[in-house]
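These notes are about the structure you will find just below.
The values are calculated or read from the model by the stated rules, or taken from the named source; none is laboratory data. Keep in mind it's a predicted model, so treat the numbers as computed, not measured. Neighbour counts are summed over all protein chains in view; Cβ atoms, including those assigned to glycine, are modelled from backbone coordinates with ideal geometry. Just so you know, the surface numbers come from the protein's heavy atoms only, side chains and all, with ligands and any DNA or RNA stripped out. Shrake-Rupley method; radii C 1.70, N 1.55, O 1.52, S 1.80 Å.
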Amino acid sequence: MVIQMYLIGSFTSQEEVSVKRFSSTLREGNVTHHEYIQVGKGRDVGLNQISMFEAKIANGNGEQTLSRDIYRLGHRFDFFRMLSCYFTTVGFYFSTLVTVLTVYVFLYGRLYLVLSGLEQELSQEPAIRDNKPLQVALASQSFVQIGFLMALPMLMEIGLERGFRTALSEFILMQLQLAPVFFTFSLGTKTHYYGRTLLHGGAKYRPTGRGFVVFHAKFAENYRLYSRSHFVKGIEMMILLIVYQICGHTYRSTVAYVLITASLWFMVGTWLFAPFLFNPSGFEWQKIVDDWTDWNKWINNRGGIGVPSEKSWESWWEEEQEHLQYSGKRGIIAEILLALRFFIYQYGLVYHLHVTRKTKSFLVYGASWLVIVLILFVMKTVSVGRRKFSASYQLVFRLIKGLIFLTFVSILVILVTLAHMTIQDIIVCIFIFMPTGWGMLLIAQALRPLVKKAGFWGSVRTLARGYEIVMGLLLFTPVAFLAWFPFVSEFQTRMLFNQAFSRGLQISRILGGHRKDRASRHKE
């Protein structure tokens, strides 16, 4: 800010300033006085704030990719300027998307090799089993996947600028500060929002807050923010890795499995639990109890007009589907085609049950769909019974639930005794039906107008709520288990904050405890 004032000299009072200003004006003189006001802008320093900012930028780059401007720039630039434009705008996000898609292709390709029997046949071939160069190549591939060589350019850059000893020390410090966890989690944020914008459009402004982030984010808040971008994809990859191990453990060594899937398990753990790891006081038991109460209240509240997404799961679920309502036909078709991967996965896994291993008939796959339809019918029956009989006819409703439970137990006992169904088969059945139901749910959301006309939208909402509850339990259980151990919270405090702040936080806890003891004594 620049203010021109007619001043002469340095004054100690407002009266002298006025007199000298008047005197300077009479003599046609002036003095320019520069006054500066320093304003500091808030920065995104919390994980949730950074993720919302990256989501906003990824959405914008997705819209740029679909625009004519990038197309025209790409045709009018020379080769080097075109590379510079690509790398500094949409290229970074496109390469990120390709990286995550490569992980999916790798996982589903490996699963196809296992379910089709090709991996077992290839492992028994003498030309492949005794091929040492191939084994060295696979081992080096796993080494690259873990990510050590990906950090080599960074080490070289810091080493050339500040010395290789400094580069090595900073690299070790980054590992201790869990930098790979943060950047792997950020990879999922960019990929999800950039890919969704390419399919459906709908970039929008996302307020980040930029507040002081030494506060605890509730479990429901983290779930709302990262459910579709990280948690769903992380659970999908985890199921694929478990199935890959179950179906191939008879002929594959543990070392080979670890070398192939170590980096993928790291990505799964990062995408599922990084929000809680970087959340202040994320492993304090009292905070966990409060988070569980808030989560139950949020997941069970009914939505409606004027109910925000922070108060009700139904309102949040409706907001998460807004991009499908304004999407074009190509986006809807792409969404349905992507959901078909769960049905292909189901088709391959059904024939690996101990009960169906001796038959390859297509009727087995049809029988699996019949079981899915029966499960959905039972869920619909329970939902209708709860709505109609739970208030007035509680005894009838309990009898219906008891009859359903006894029928399920009887069928399970018959399968175990007569068809020799094993515990592994039961686990595999769960891994068959859960992803298939999720695929049906995605297709129903994409075809929302048709499902609403058919009158099944309430059933879709009930099924979606059940999946959300299961995912919430899968995420909350390990966090609550770790919260039992006090040293986990201490380790998290040391990791997130510097030593001075950590020491001050510990002292404040001790003093707070003494104050509570004194207050209780005074009350007594």
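Checking the table K380/K401; K218/K380; K233/K452 against a 23 Å threshold on Cα-Cα, which pairs fail? Pairs exceeding 23 Å: K218/K380; K233/K452. With both labels modelled 7 Å from their Cα along Cα-to-Cβ, the S95 to S309 distance reads 3.1 nm.
Identify the residues of the range 260-286 with backbone N under 19 Å of a label point that sits 7 angstrom from the Cα of F491 along the Cα-to-Cβ direction, or state none. Within reach of a label on F491, which here means backbone N under 19 Å from a point 7 Å along Cα→Cβ, the range 260-286 contributes 265-286. Report the chymotrypsin sites (Phe, Trp or Tyr not before Pro) located in the range 227-290 that are in a DSSP loop and have at most 13 other Cβ atoms inside 10 Å of their Cβ, or state none. Loop-located and lightly packed - Y251. Between Y104 and Q38, the FRET efficiency from the beta-carbon distance, with R0 = 41 Å, is close to 0.25. Restriction of the trypsin sites (Lys or Arg not before Pro) in the range 339-440 to DSSP coil positions whose beta-carbon has at most 11 other beta-carbons within 10 angstrom yields R357, K358, K360. Stretching the chain fully between Y326 and L83 yields a gain of 84.2 nm (0.36 nm per residue, less the alpha carbon separation). Once all protein chains are placed together, H354 keeps about 90 Å² accessible to a 1.4 angstrom probe. The distance from the alpha carbon centre of the range 423-500 to that of the range 299-347 is 14 Å, rounded to a whole number. Classified by the C-alpha gyration tensor, the range 327-484 has a rounded form. Its axis ratio a/c, with a ≥ b ≥ c, is below 1.5. Distances between placed amide hydrogens fall under 5 Å for M421 paired with V416, all partners being 5 or more residues away or on another chain.
Grab the other residues whose beta carbon is less than 14 angstrom from that of W295, score K and R as +1, D and E as -1, and report the net.
Every neighbour counted, the sum reads 0.
Round to the nearest 0.05 the FRET efficiency obtained for K453 and F215 when R0 = 56 Å and r is the Cβ-Cβ distance.
Once rounded, the FRET efficiency stands at 0.80.
Extension gain for the segment Y71 to E161, taken as residue separation times 0.36 nm less the Cα-Cα distance, is 28.7 nm to one decimal. One Cα centroid belongs to the range 62-100, the other to the range 206-247; the line between them spans 29 Å. Hey, got a sec? Which GluC sites (Glu not before Pro) in the range 313-380 land in a DSSP loop and have at most 15 other Cβ atoms within 10 Å? Those satisfying the criteria are E320. Only protein heavy atoms count here; on that basis, with a 1.4 Å probe, V39 has an accessible area of about 120 Å². Entry comment: accessible area of the range 189-335 is 46 Å² per residue, from protein heavy atoms only and a probe of 1.4 Å. The slack between A262 and Q424, meaning 0.36 nm per residue of separation minus the straight C-alpha distance, is 56.0 nm. Roll a 1.4 Å probe over the protein heavy atoms and report the accessible area of R461 in Å², nearest 10. We get 60 Å² for R461.
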